[in-house]
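To start, the structure itself, in structure tokens.
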Amino acid sequence: MTSGNNGASTPEDDDPFGYLYADGQANGAQPPSGGGGYGYPGSVNRVRAVGQRQYGQPQQAAPPIPQQQGAYGQPNAHYAAPETLPGGAQTTQQPSYSGGSGSGSGRGGPNTKGLLIGAIAVVAAVVIGISVAMLGGDKDKDKADGKADATPTQSQQSSAPSPSNSNSQAAEEDLPTIDAKALALGGTAATASDIKGAKADGGIYVSGFNQVGSSVTWTVSGIPKSGKYTVFVGYSVPGKDQNATLTVNGTASDSPVDLKNWSGGPEGDYEKGWTKTYNWIQLNKGTNTIKVSCEQGNQCDALLDQMWLVKGWVKSSS
């Protein structure tokens, strides 16, 4: 056995692939011929496309595949997909999704127009809510500051006496005024003029009013229309609060004639006790009767000098 030879009778028996090398070719190695495949007896040299071989079926030779160089991006002719060959697997192409209102790109995307409209609606709702809250807050603040409607709710014959120095002003209409000497007197009521300070004509006033059953009645005519009026009474008290009963057209008022010591005169001093009070009443168009009387439960130690009317429910006649 010589160097480079393992004792085989021929080079191809020593190395079936010897013909591929220079030294093998020098030793006479030749490629296999006939039905042999690369030095392996009985081997079959067959080329099949991928996916063509089917097991369990008779073996058939594949048709020759032309050798050509494909362009870039095109399928290589040396490879054929299984679905392109007879009997190959079938595939289903899935359609791509295209948004119904997109910009034409072939992919679904957000509806920016709808989002913009929604955002504007949200901002508008917030602005409206803030405006309503601010308006409601202003109304509540007005109520807290005492700016709410102060229109009184009174009974038909009601009174709300106040001191003569009230700051409220009212335009006095041309309505009747009566002095003490023109009033109809009842009970122990009588006229007098010895105490100074009365504003009636001649300084005359009504005294003797401090007995139950005493009264002064004013029958007033010329009321232009039915509605709300205020009746004022001029009086004096001896430094202490008094009261009387008011009756209009035969109906007694729920509120008394409040004869308080608004002037602040000292006790027992009628001369320094002159002031006025008022009651809110309802009168009919034409003639009405207004009566101030001393009834059970009243404190009637007072002098009366005048009575007058003002249109509407007011707190001062001057």
Item to complete: Scan the stretch 291-311 and give yes if some residue there is without any contact (Cβ under 8 Å) to a residue 24 or more places away in the chain and not in a strand (DSSP E or B), otherwise no.
Response: yes
Worksheet entry | Pick from the stretch 230-272, criterion among the aromatic types (Phe, Trp, Tyr) and assigned to a loop (DSSP other than H, G, I, E, B), ranking: most open to solvent (accessible area, probe 1.4 Å) | Trp262
Item to complete: Identify the residue in the stretch 273-293 that is surrounded by 16 or more Cβ atoms within 10 Å (Cβ to Cβ) and among the polar types (S, T, N, Q) and, among all such residues, is farthest from Trp308 (Cα to Cα).
Response: Ser293
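The values are calculated or read from the model by the stated rules, or taken from the named source; none is laboratory data. Treat the numbers as computed from the prediction; the structure is a model and nothing was measured. When we count neighbours, we look across all protein chains shown, and the Cβ atoms used for this are built from the backbone with ideal geometry, even at glycine. Heads up: the accessible areas ignore ligands, DNA and RNA and are worked out on the full protein's heavy atoms, side chains in. Shrake-Rupley method; radii C 1.70, N 1.55, O 1.52, S 1.80 Å.
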